[in-house]
Every structure is written in C-alpha cells, then in structure tokens.
Amino acid sequence: RSASRGASSDGEALERARAGSARREAGSSAAAPADLGHEAEATPPSGASSAAPQPGDDAGAQADRHGDGGAPSVGSMPTRVTARLDVVNTCARPVELRWVDWGGAERTYRTLAPGARATQNTYAMHLWRLYEDGALRREFALPSSMHAEVRACDDPDAPLRPVPDSGFVPYAPERTDGGLTPCTPAPVPDVPGPCSPRGEAPAATVVLVDDCALEPVELFWVDFDCHERSYARVGPGELARQATFAGHRWRVRWSRTGQLLQEFVATPGTLELGACRCPR
C-alpha cells in the first residue's frame, strides 16, 4: 500500500477542516483474546492431534531461525482461530515445512521425504512455506477455521484442497463481554480504485467497529488524488465515529500488516459497519 500520513496535502486539510478529526469511543467492553500473540498457550481443538507442534511453540521447531531465503518478509497474523494442514510432498526431493513468525522469520517444523504426508495443527492467517533444496515451492495461509491439504510441488497458485469428513472440530473461541467472537475475513483484492470526488456533498458519518476482535484496524480516507490518509486506529471491540461527506471513499486495513479488509463509500446520514463484517 502507498498510504501517505502527512497532513500537508491541501485535500487532507480540506477534509479535516470540513469533516473534523476522528473521535474514538469505547463502544464495547470486548477485549482481544487473552495472551494475544502467545499462540503456544492456546488449547488444540477437540479431536485434534496434539502430537504436532503448535506455531510459536519452540518445543517442536528447530532452534535455528532462517533468513528470508528470497521470500517476502511478511509474517503470520496472530489469531486463535484454529485450523489444520495436511502437507503432501509431491516433489522428487525432501521438502521443509517452515512457519513464518510475526516478524517474518522462518522456523522449520518438519522435513518430509518424497511421497510423505504429515498433519500440522495451525491457526487461521498463519503463514507457511514449503522449500525443496532451499527453493521456495509454496507459500500459503488458511483464511479461516478449516482442514485443508497442500501439495508441495503443485503450481504455486494452486488452491488449497479442503479435507472433508476428517474429524477436525473447529475451535470456537468463547464470546467476549461485548459479544464479539474472533473471525478472519476472506482476502480482499487490493487494487487502485476511484478517488473521493471534489465538490459539495451532503454531510455523512461513518461509525466503524473493530468486530474482528483480533488486533487493531486502521481507517483511511482516499483523498481527491487517490492517496490514503490515516484517520483512526481502532482496537478490538472499540469504535470510531468519523465525520465525512457522502460519496467520499474510505478503506479499512489491518493496522500491523496493511492488508485490505474492505473499501466503502460514505452515504448521506450515518453508515455503521464492522471492519471484518463478522456474523453476529
């Protein structure tokens, strides 16, 4: 993303002068899941094998931490939405399964011989990579609580294959005081879109709640030149009330990674929406 945070732009100055700055409110007593980011303390789902190491648990990983190996330095997103992987080595040589931690460092969890299959417990939005002789073959993350199969030497863009009737029982985190349950939305294509229009327009208000209940999200205004301007950072269960104008375009991103969650256009009156559009 190419979000500019400066306040020197005439477009941003106009928006701030007309719309006013964002005001964050404590709209819910919901909190992030306990020990957010310490995934080793999470309990495996009912029926899941506890033999496979959990991401973040050094007991199952090699002590050494690899460099990026030419792969992009993007890390896993901390969630407690459990998932499971079946990894199949369809390559002619052994492959390494590496977990990518929050900072982008890799840890080897398994080495699979040609033709071997292994089951790995994981969490939604955790990033994994498969290497054959040091060459990256696959990079993937499960978008939700599911059981899927990945084949090491399939095309890098090949979809993950759901595993039906496997006995996998998704772990549903307990509802928080605010009634929010952590969820992870499907990825949204992050492509350039229209700018906010210039000219007079009816007043509008956007009320954004971080219903993802995982980690903070950020609200960006798309200015008249299609540059993104950060207006609010909203924590799990919190909400932000932002004055704007009908027809102005806004985007919501994960604050830490910048991944796009949604893009919307303000409408006359008040528009209320959740960052992840989680079911209530």
Query raised in the report: Using modelled backbone amide H atoms (1.01 Å from N, in-plane), which distant-in-sequence or interchain residues come within less than 5 Å of R110's amide H?
Result: L97
Query raised in the report: Under 5 Å between amide H atoms, partner at least 5 residues away or on a different chain: which partners does T82 have, H built in plane at 1.01 Å?
Result: A124, Y171
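Work through the residues other than F264 whose Cβ is under 13 Å from its Cβ and net out their charges, Lys, Arg +1 and Asp, Glu -1. Walk me through the intermediate numbers first.
On the way: positive: R249, R251, R253, R277; negative: E263, E272.
Residues near F264 contribute +2 overall.
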Query raised in the report: Among D101, D211, D133, D157, which comes first, then next, by fewest other beta-carbon atoms within 10 Å?
Result: D157, D133, D101, D211
Report summary line: Counted neighbours (other Cβ, 10 Å), sorted fewest up, put M125, M146 in the order M146, M125
Query raised in the report: What is the fewest-to-most order of H227, H248 by other Cβ atoms lying within 10 Å of their Cβ?
Result: H227, H248
Query raised in the report: With a sphere of radius 10 Å drawn around the Cβ of V87, what net charge do the other residues whose Cβ falls strictly inside it have (Lys, Arg +1; Asp, Glu -1)?
Result: +2
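Coordinate-derived values only; no laboratory data. Source: prediction; values computed, not measured. Every residue, glycine among them, receives a Cβ derived from its backbone with ideal geometry; neighbour counts consider all protein chains shown.
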